[in-house]
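The block underneath contains the structure these notes are about, expressed in structure tokens.
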Amino acid sequence: MDGILALAADNLISPIILFFALGLAAAFARSDLSVPEAVAKGMSLYLLFAIGFKGGASVAAHGLDATLIMSLVAGAILSFLIPFVAFALLRVMTGLSVVDAAAVAGHYGSISIVTFVAASSVIASAGLDSEGYMVAVAAMMEAPAILSALWLIARFGGAGQGGMEPGLIREILLNGSIVLLVGSFLIGWITGQEGLDLIASFIVAPFQGVLCLFLLDMGLVAGRGLREARGVLRPPLFLFGVMMPLIGSMFGLAAGLLLGLSTGGVLLFMTLSASASYIAVPAAMRVALPEANPSIYLTLSLGVTFPFNLTLGIPIYLAIARTVTGG
Amino acid sequence: MDGILALAADNLISPIILFFALGLAAAFARSDLSVPEAVAKGMSLYLLFAIGFKGGASVAAHGLDATLIMSLVAGAILSFLIPFVAFALLRVMTGLSVVDAAAVAGHYGSISIVTFVAASSVIASAGLDSEGYMVAVAAMMEAPAILSALWLIARFGGAGQGGMEPGLIREILLNGSIVLLVGSFLIGWITGQEGLDLIASFIVAPFQGVLCLFLLDMGLVAGRGLREARGVLRPPLFLFGVMMPLIGSMFGLAAGLLLGLSTGGVLLFMTLSASASYIAVPAAMRVALPEANPSIYLTLSLGVTFPFNLTLGIPIYLAIARTVTGG
Amino acid sequence: MDGILALAADNLISPIILFFALGLAAAFARSDLSVPEAVAKGMSLYLLFAIGFKGGASVAAHGLDATLIMSLVAGAILSFLIPFVAFALLRVMTGLSVVDAAAVAGHYGSISIVTFVAASSVIASAGLDSEGYMVAVAAMMEAPAILSALWLIARFGGAGQGGMEPGLIREILLNGSIVLLVGSFLIGWITGQEGLDLIASFIVAPFQGVLCLFLLDMGLVAGRGLREARGVLRPPLFLFGVMMPLIGSMFGLAAGLLLGLSTGGVLLFMTLSASASYIAVPAAMRVALPEANPSIYLTLSLGVTFPFNLTLGIPIYLAIARTVTGG
Amino acid sequence: MQTHKAKRVEIAIESVMESRLSDALIEAGVTGFTILPVLGGSGRSGRWSREGQVSRAGGMVSVVCIIRPEKLDDLLDAAFSVVDRHIGVVSVLDCEVLRAERF
Amino acid sequence: MQTHKAKRVEIAIESVMESRLSDALIEAGVTGFTILPVLGGSGRSGRWSREGQVSRAGGMVSVVCIIRPEKLDDLLDAAFSVVDRHIGVVSVLDCEVLRAERF
Amino acid sequence: MQTHKAKRVEIAIESVMESRLSDALIEAGVTGFTILPVLGGSGRSGRWSREGQVSRAGGMVSVVCIIRPEKLDDLLDAAFSVVDRHIGVVSVLDCEVLRAERF
Ligand SMILES: Nc1ncnc2c1ncn2[C@@H]1O[C@H](COP(=O)(O)O)[C@@H](O)[C@H]1O
Ligand SMILES: Nc1ncnc2c1ncn2[C@@H]1O[C@H](COP(=O)(O)O)[C@@H](O)[C@H]1O
Ligand SMILES: Nc1ncnc2c1ncn2[C@@H]1O[C@H](COP(=O)(O)O)[C@@H](O)[C@H]1O
Ligand code: NA
Ligand code: NA
Ligand code: NA
């Protein structure tokens, strides 16, 4: 327990968390500080490019673990499954309508890649290692949850015209983040150490600094969202936003242990399961489920669960992963 | 004297000055070279982030000098005071109306952070050191001058409805540049050397290169401004734009000596006092003093004083600071 | 022959080519992956800044080769000349109208700076060297071809009101890419090794990484262009897009040998002659020759010739340059 | 200068729906449209601004079509079929155009 | 398709004044508006372009409100109170809207 | 609130032609205009989008001028002289403006 607290304290004064807090504070104080949309998008392309490539290069270096396929399958299953748990919890705990509950549930099955990146940083500073292909697992977990959300609607009613818009599946599977992450992973794998040497001073050295600036922007956005959506965030919803990642992480823990991953790998699986999407799933929900209220699902995933994971969640998952794997 | 000339010559062929000159030349030649707005804003966020953080880390390393608070107070006083000097000079030297003179005066009390950064580069290449908290002094000097300008209007008449728009004070104090600069300074201070090590390859190594590109853009903007505003720049105004920084620097010199700062610190105080704002103050003036002509104050601060400080001013201030402090 | 194939294979699995291929694939699959316009433009400014500066610094280091002036003259002549060859070929091989043929021809006399950069990377990884002033030759070759295209129209008729729009010449010569490339070249030359040391960690270390991201975007753009313009690309046109760079490279080879350049220099001359413009010339054509169909010339230069040079062309030119110069 | 009567239809719609709207318009025989970026706005679902968006889901665009008056109904039907369940504001103005042969 | 008469008001204003205008509009009971970016322009104070701006002070935005005709006067009063001392162009058009219940 | 009749002219034109159009407008005595960015569009020459452009040649802008009715013909002549051989859509609306002394 002391270990968790020390780790959490340590984590809380890392520059990336502090810049996130600065962004939150600036937004609450209604400062006009802002990062141009194009620059924020450019930084997110950079982060996807860098972690994808590094993951691939690490697979090239360590050889292909026999559990890669199994991990991908496990990721897909978790992404399908977690929305059902979230949906049940939401219907019991909160007064959300079927449509809103299904939409929120879809977000929690999917993942937040920035939370994944933050967990990777923590792994690195804890001197641990992790399976490079976890990046591919992350990509795998982005989409299936959306299908679960739509199935929940179709099953439990709610939206009159629910059902798949033509082309939506293709759009989800080929969304830019997935394509860039998977593509960079494959290129990193193909070009291996030689490729990494070529571009290391672009994707390795400045990575933490870019992450700081990016989290500053995330703080600004999350803070502005929370300020706008104060009304939405009643206590049961807030509670859900904190409990659900803890529950999700247990599924990730189970998967990681069954697969026999390293301590770092288990932590990453826990983090992926615990995190909630705020890019791919909201976009899909706007198309397929326009009746669902975006300020509910965005506030929960970006305003509550994301900061929770960043600050307290990851240290907790790490402590658990260490205890359980003995790593 | 020879020393100044040699230093100025040396300064004039540094890449950052030459890129500024390239931008000016391209603008005068009406080239369509331009830096996208979002990229320019991204670079300015980067510069604020980097100098704030480095300043904070340097305070963490060297311990907190007892003069920090005194320096902040001195900065605020200078920022309040210099507009009065500038206003008197403008009313005597030029035919500007009260409104325009007050608006211009406000700019000269405030500061230009890029000029500050350029002076820091000169300090580094001269092998000198400076107080890390000068970054906080820079932030402190941004806003008070605006109040002086508004007071001058209220006192000497001019704009019918002069006076504070509601919310303006908050906007000025929480403007993005100040928040990012101060926030990064604090984070640099909290995380110290460890934090700096983490992100040094983002904020230290590429800094000079980004500064070159940024000054290219400043040259383009200043050049286009000068071309548009040719008519405005009558000889007395031009003369003011060159004299005022020299006068301002003397106030900075006095403050630096009284506070007992290092040679580098004195140079920075001189530079801050000598420089004129072209971001925060123009924005505040558009809100509070729309009757003032923006092409007058922007042309003076960005088209005359900024290039003057960059090319001749800083070497002069350095020579003086060295002579006086014996550094 | 084996050497060429091995080299081509090696080239084909370099990260920059693979990222280009990723972009193409994403565009064909209609992924929504995209790089914001401002970020793409920022990266192209970075590339021009970096290669211009490095070229200049290299001239400062190796001293001024007597052949600089001769190379510039040769470049201008090639740029003037190649459009006539291209025009004749187009009129014989394809059914293009005079206007469209002249417009396309103008593109092939001019150059693609990204192809030049890719060839420079190949030179570096082959352990060769090249004349730093080839950057200036590249700038020199941008514009003359446009005049040839307009002359061809004036001579062979086609567009009723053909002829120079006032101001067009100035616009072409002072277009942003040329100004930044030449300006950075001169600044690199003036500030030499000292300047390079100052900004090397910005323009040298991360260069390859930025190039990867930039080529990802080029792949996306080329792929989207090809998808839109499927109809345009009849076999004779496609054939022209592959043959013309090979023919052009022979002119570059001749020039490089006559001038007695190094193996790397010859390769660069071949590459410049082989490459086709997709920035400066299309812009000029829209102003001066609006009757010409942009989807023909853009599809050819960006969709066919650019990928051809990037993947197969450069290895072929390198093999030839090595054989002929014995380098 | 000779001008011709036309209708100018402006549709503010979420960015995620843009390609669906474009496809519907083209299918309905609309020969041209122009898409303008939107920085922010306010409506029944509150205020938003582009700089406060991490999500592709948030932004909007404004689609402007100039058409012959007799095509208006087809266009509105097409637009309505997409906008119906979604956020979107559709407005129609009378205007005059040069070069009517282009529409 | 059933449409309803409305007014379309367009206000070009300096970016620094945007939040003050939005607040004034909302206070005047305007239920929705859309903000478009402006690249540049020309007026009595000369030409300007967004790429030639270091300063937040320089840019402009265009605010478009579609409202019921009877609300026009309130809106114009609100807009005028903000625009009065400042740079700004206010224009009003007649238009038709779908889904009038939204306004 | 007192308003005055005016014309609102909107010209969609390729970015490369923007400065030529601005010059022509100013020469024709147009006292002000506002330039809006365009994200993409569709026309006889196909669909395009700003994010799919390497080339400066590809983009368009939309130029909006509000003028006194009596100046309309001069403006249209000026616009037409630039747009004639080029891509471009010119439309004209009736509108009302505040502060007529500014036009
Ligand atoms: N009356 C209106 N005039 C102009 N734009 C509007 C209006 N109502 C809504 N909008 C735009 O449509 C978006 C969504 O509106 P709503 O669905 O009412 O929240 C707003 O954020 C505005 O950008
Ligand atoms: N007649 C007009 N039509 C359209 N926009 C205008 C007009 N007059 C002024 N503007 C816009 O308002 C800005 C400021 O105008 P001004 O105050 O006249 O300098 C200009 O830069 C234009 O963007
Ligand atoms: N009817 C129209 N309504 C609105 N914009 C149009 C229209 N026709 C063409 N445009 C715009 O003008 C561009 C060029 O049109 P075109 O010359 O027909 O290819 C298109 O890409 C659109 O941005
Ligand atoms: Na999850
Ligand atoms: Na000052
Ligand atoms: Na060529």
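The values are calculated or read from the model by the stated rules, or taken from the named source; none is laboratory data. Bear in mind the structure is a predicted one, so any value in this text is a computation, not a measurement. Cβ sites come from the backbone with ideal geometry, for glycine too, and all protein chains shown count toward neighbours. Please note that ligands, DNA and RNA were not included when accessible areas were found on the heavy atoms of the full protein model with its side chains. Shrake-Rupley method; radii C 1.70, N 1.55, O 1.52, S 1.80 Å.
Residues that are closer than 19 Å to A:P282 by Cβ and touching a Ser or Thr at 6+ places or on another chain (Cβ under 6 Å) were ranked within segment A:119-148; the one that is surrounded by the most Cβ atoms within 10 Å (Cβ to Cβ) is A:A145. Yes or no: segment A:4-23 includes at least one residue that is surrounded by fewer than 22 Cβ atoms within 10 Å (Cβ to Cβ), among the charged types (D, E, K, R) and away from every other protein chain (no Cβ under 14 Å). No; the residues of segment A:4-23 include none that is surrounded by fewer than 22 Cβ atoms within 10 Å (Cβ to Cβ), among the charged types (D, E, K, R) and away from every other protein chain (no Cβ under 14 Å). Give segment B:115-135 a look and list any residue that's part of a loop (DSSP other than H, G, I, E, B) and in contact (Cβ under 8 Å) with a residue 12 or more places away in the chain, or say none. Once the filter is applied, which keeps residues that are part of a loop (DSSP other than H, G, I, E, B) and in contact (Cβ under 8 Å) with a residue 12 or more places away in the chain, segment B:115-135 yields B:A126, B:L128, B:D129, B:S130, B:E131, B:G132, B:Y133. Within the set B:R286, B:R322, the sole residue that is open to solvent by 50 Å² or more (accessible area, probe 1.4 Å) and either among the charged types (D, E, K, R) or more than 14 Å from chain E (Cβ to nearest Cβ) (or both) turns out to be B:R322. Please enumerate the residues belonging to segment A:15-35 that are without any contact (Cβ under 8 Å) to a residue 40 or more places away in the chain and within 22 Å of the chain's Cα centre (by Cα). Within segment A:15-35, A:L18 is the sole residue that qualifies.
How about segment F:44-98: which of its residues are within 15 Å of ligand 2 (Cβ to nearest atom) and charged (D, E, K, R)? Scanning segment F:44-98 gives F:R68, F:E70, F:K71, F:D74, F:D94, F:E96.
Condition check ((1) open to solvent by less than 10 Å² (accessible area, probe 1.4 Å); (2) within 14 Å of chain A (Cβ to nearest Cβ)) across all residues:
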{"position": "D:S15", "(1), (2)": "no, yes"}
{"position": "D:L21", "(1), (2)": "yes, yes"}
{"position": "D:V38", "(1), (2)": "yes, yes"}
{"position": "D:G46", "(1), (2)": "no, yes"}
{"position": "D:S49", "(1), (2)": "no, yes"}
{"position": "D:V63", "(1), (2)": "yes, no"}
{"position": "D:V83", "(1), (2)": "yes, yes"}
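Across segment F:44-51, not a single residue is classified as under 30 Å from C:G219 (Cα atoms) and in contact with a Phe, Trp or Tyr (Cβ under 7 Å, 6 or more places away or on another chain). Per the conditions (1) touching an Asp or Glu at 6+ places or on another chain (Cβ under 6 Å); (2) modelled with pLDDT under 90, the sole criterion not satisfied by D:V92 is (2). Selection within segment D:85-103: residues that are part of a helix (DSSP H, G or I) and open to solvent by 50 Å² or more (accessible area, probe 1.4 Å). The member of this set that is farthest from the other protein chains (Cβ to nearest Cβ) is D:E101. Just one of the numbered conditions (1) within 14 Å of chain E (Cβ to nearest Cβ); (2) within 16 Å of ligand 5 (Cβ to nearest atom) is not true of B:S148: (1).
Looking at this structure, is B:Q193 more than 14 Å from chain A (Cβ to nearest Cβ), under 20 Å from A:A205 (Cβ atoms) and either open to solvent by 20 Å² or more (accessible area, probe 1.4 Å) or not in a helix (DSSP H, G or I) (or both)? For B:Q193, the condition - more than 14 Å from chain A (Cβ to nearest Cβ), under 20 Å from A:A205 (Cβ atoms) and either open to solvent by 20 Å² or more (accessible area, probe 1.4 Å) or not in a helix (DSSP H, G or I) (or both) - is not met. Within segment E:71-82, the presence of a residue that is assigned to a strand (DSSP E or B) and touching a helix residue (DSSP H, G or I) at 6+ places or on another chain (Cβ under 7 Å) is excluded. Scanning segment B:24-63 for residues that are surrounded by fewer than 24 Cβ atoms within 10 Å (Cβ to Cβ), within 14 Å of chain C (Cβ to nearest Cβ), of a type outside the set (S, T, N, Q) and more than 27 Å from A:G23 (Cα to Cα) yields a count of 8.
Scanning segment B:298-311 for residues that are crowded, with 24+ Cβ neighbours inside 10 Å and either modelled with pLDDT of 95 or more or not hydroxyl-bearing (S, T, Y) (or both) turns up B:L298, B:L300, B:S301, B:L302, B:G303, B:T305, B:F306, B:N309, B:L310. If you check A:G313 against the conditions, is it at positive phi and out of contact with any strand residue (DSSP E or B) (no Cβ under 9 Å at 6 or more places or on another chain)? The answer is no for A:G313. Applying the condition of being within 11 Å of chain E (Cβ to nearest Cβ) and in contact (Cβ under 8 Å) with a residue 40 or more places away in the chain to segment B:227-239 and asking which residue is least open to solvent (accessible area, probe 1.4 Å) yields B:A229.
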